[in-house]
Amino acid sequence: MNRDEIIRFLIRAKCVTYAGKGAETASSRPCSHDLEYREGEMMYLDSFLGGERFAGEEAVWIKGVPYWSMNYAGRVTGAIFSGDFLKEALLRVPFEKPFRGPEEYTNGDYTYRCEVSGDFDWFQGYEVIEYSGVVIYDCYYHGSVIK
């Protein structure tokens, strides 16, 4: 299986789980929110804790072996935050940087911005949502291919 196939799988998985308002599966840990997607020998799991302040992990397994993982932690800092807008931005995950959303996405008064350094093998990034120029959400993330 080549890297492009795995990235395309990851993007499909992201678009049908959290960002796509997919149904949660059974919790893997007390009080966790888990979303799972499978295709053939590949499995994706997004498992997070919390809401206004949250932490979680997305991971991909191939034939039952961990292949890739990303940890994230974030917080809502403004009352006007829209989870629907965040999901709208995350649906636009770019193939070249398949971690969170695009570098920038705007809809009305909401703007999503995402910065990342590194590549699929080893990366770290930061995303924010602004409402009329005021930051109302931020999230840090990092991850790598598992060896």
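Data for the structure
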{"read-out": "So K97, is it farther than 18 Å from D119 by Cβ, of a type in the set (D, E, K, R), within 14 Å of the chain's Cα centre (by Cα) and open to solvent by 20 Å² or more (accessible area, probe 1.4 Å)", "value": "no"}
{"read-out": "So E52, is it more than 19 Å from R113 (Cβ to Cβ) and crowded, with 17+ Cβ neighbours inside 10 Å", "value": "no"}
{"read-out": "Any hit, the range 20-36, residues being surrounded by fewer than 17 Cβ atoms within 10 Å (Cβ to Cβ), under 24 Å from I136 (Cβ atoms), among the basic types (K, R) and in contact with a strand residue (DSSP E or B) (Cβ under 7 Å, 6 or more places away or on another chain)", "value": "no"}
{"read-out": "Residue satisfying condition, being within 17 Å of Y18 (Cβ to Cβ), assigned to a loop (DSSP other than H, G, I, E, B), out of contact with any His (no Cβ under 6 Å at 6 or more places or on another chain) and without any contact (Cβ under 8 Å) to a residue 40 or more places away in the chain, within set R100, R92", "value": "R92"}
{"read-out": "Filter pass, G74 being open to solvent by less than 70 Å² (accessible area, probe 1.4 Å), of a type outside the set (S, T, Y) and within 16 Å of the chain's Cα centre (by Cα)", "value": "yes"}
{"read-out": "Of the criteria (1) open to solvent by 30 Å² or more (accessible area, probe 1.4 Å); (2) in contact (Cβ under 8 Å) with a residue 60 or more places away in the chain; (3) in a helix (DSSP H, G or I), which one K14 fails", "value": "(1)"}
{"read-out": "Where D109 falls short, out of the listed (1) in contact (Cβ under 8 Å) with a residue 40 or more places away in the chain; (2) within 17 Å of S132 (Cβ to Cβ)", "value": "(1)"}
{"read-out": "Scope the range 112-147; condition of a type in the set (S, T, Y) and either open to solvent by less than 10 Å² (accessible area, probe 1.4 Å) or within 19 Å of Y44 (Cα to Cα) (or both); matching residues", "value": "Y112, Y137, Y141, S144"}
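The values are calculated or read from the model by the stated rules, or taken from the named source; none is laboratory data. A quick note: this is a predicted structure, and the numbers were derived from the prediction, not measured. Ideal geometry is used to build each Cβ from the backbone, glycine not excepted, and the neighbour counts take in all protein chains shown. All accessible areas refer to the heavy atoms of the entire protein, side chains included, with ligands and DNA or RNA removed. Shrake-Rupley method; radii C 1.70, N 1.55, O 1.52, S 1.80 Å.
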